[in-house]
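Here is the structure we will look at, set down as C-alpha cells.
The values are calculated or read from the model by the stated rules, or taken from the named source; none is laboratory data. Computed from a predicted structure; not experimentally measured. Ideal geometry is used to build each Cβ from the backbone, glycine not excepted, and the neighbour counts take in all protein chains shown. These accessible areas exclude ligands, DNA and RNA; they are computed on the full protein's heavy atoms, side chains included. Shrake-Rupley method; radii C 1.70, N 1.55, O 1.52, S 1.80 Å.
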Amino acid sequence: MCVLASALGLLLVGCLLPQDDTLLDDVPRFMNRSPRIIETLVLPQERIIRDFGATRCELTFEVAVEDPDVDDRIKVHWFIDYNPQDPRGPYREIALTNNGEARRPDRGTLRINLASANSELSAPGQHLVEALVSDAELTDRQPESRVVNLPDGGTIIDPGFVISYTWVVNTVQGDCR
C-alpha cells in the first residue's frame, strides 16, 4: 500500500511542474546548409588525366550540384593552376539556374581546347583544374557569412559554404595545333 501511495505521489508531483507556454511569433529560419557536388555525375570521372594532348585535344569538365536550400544562388568558380602566393580570381565563373528544386537543372561546365590560342592547359606538364561550388560570395576563395537580424533585435551569423572538386591534368606535346 505504501509503494502505491509513493508512486501516486510521484505521478502527481510530475504533473505539477510548470510548463513553458511561450508561443513563437514566427517559424525560425533554417540556417544555411552546404551545397553538394553529385560525384556520380562529374565529368571526367577520372581525377587524373594522363597524356592530354597526345590523342585528344579537348576536355570538358562538369559538375552537377544540389543544395537543400532551394533559394540559394549557386555559382561554380573554375580555377586553373591556382597559386596562393599569387592569388587571382577565377578563370571562369558560372551561375547555375535556380529551378526551385534541390538539384540544379544545369551544370557548371568548362571546356578546354588545346587548339585554342592561349589555352590554359597548353604548357606541357601537370596542371590543377578546380571547381569551387559556393552558395555565397567568395573573397580569396573563402565564403562570406551573412548577418541575419532576429525578431527580438539580436543577430546571428549565417555561414556561407564552398566545396571543391579537383582534377590533375598532365599535358604532353601532341598534334593539337
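Quick rundown of the values:
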read-out	value
Considering residues of the range 114-129 that are under 26 Å from residue 163 (Cα atoms) and open to solvent by less than 20 Å² (accessible area, probe 1.4 Å) only, the residue farthest from the chain's Cα centre (by Cα)	119
Any chance residue 45 is assigned to a loop (DSSP other than H, G, I, E, B) and modelled with pLDDT of 95 or more	yes
The range 63-72: number of residues that are in contact with a Ser or Thr (Cβ under 9 Å, 6 or more places away or on another chain) and open to solvent by 40 Å² or more (accessible area, probe 1.4 Å)	1
Test: residue 59 is part of a strand (DSSP E or B), more than 20 Å from residue 161 (Cα to Cα) and open to solvent by less than 20 Å² (accessible area, probe 1.4 Å)	yes
Count - residues of the range 130-165 that are in contact (Cβ under 8 Å) with a residue 12 or more places away in the chain and within 17 Å of residue 87 (Cβ to Cβ)	12
Subset tally (residues that are in a strand (DSSP E or B) and open to solvent by 80 Å² or more (accessible area, probe 1.4 Å)) for the range 158-177	0
Number of the exception - residue 107 against (1) in contact with a helix residue (DSSP H, G or I) (Cβ under 8 Å, 6 or more places away or on another chain); (2) surrounded by fewer than 16 Cβ atoms within 10 Å (Cβ to Cβ)	(2)
Restricting the range 80-104 to residues that are part of a strand (DSSP E or B) and open to solvent by less than 70 Å² (accessible area, probe 1.4 Å), the residue that is nearest to residue 62 (Cα to Cα)	94
Residue in the range 99-116 that is touching a Lys or Arg at 6+ places or on another chain (Cβ under 7 Å) and closer than 21 Å to residue 37 by Cα present	yes
Only one of 39, 93 that is free of Cβ contacts under 8 Å to residues at least 60 places away in the same chain and within 20 Å of the chain's Cα centre (by Cα)	93
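Matching residues to (1) within 29 Å of residue 172 (Cβ to Cβ); (2) in contact with a His (Cβ under 6 Å, 6 or more places away or on another chain); (3) of a type in the set (D, E, K, R):
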residue: 46; (1), (2), (3): yes, no, yes
residue: 54; (1), (2), (3): yes, no, no
residue: 87; (1), (2), (3): yes, no, no
residue: 92; (1), (2), (3): yes, no, yes
residue: 99; (1), (2), (3): no, no, no
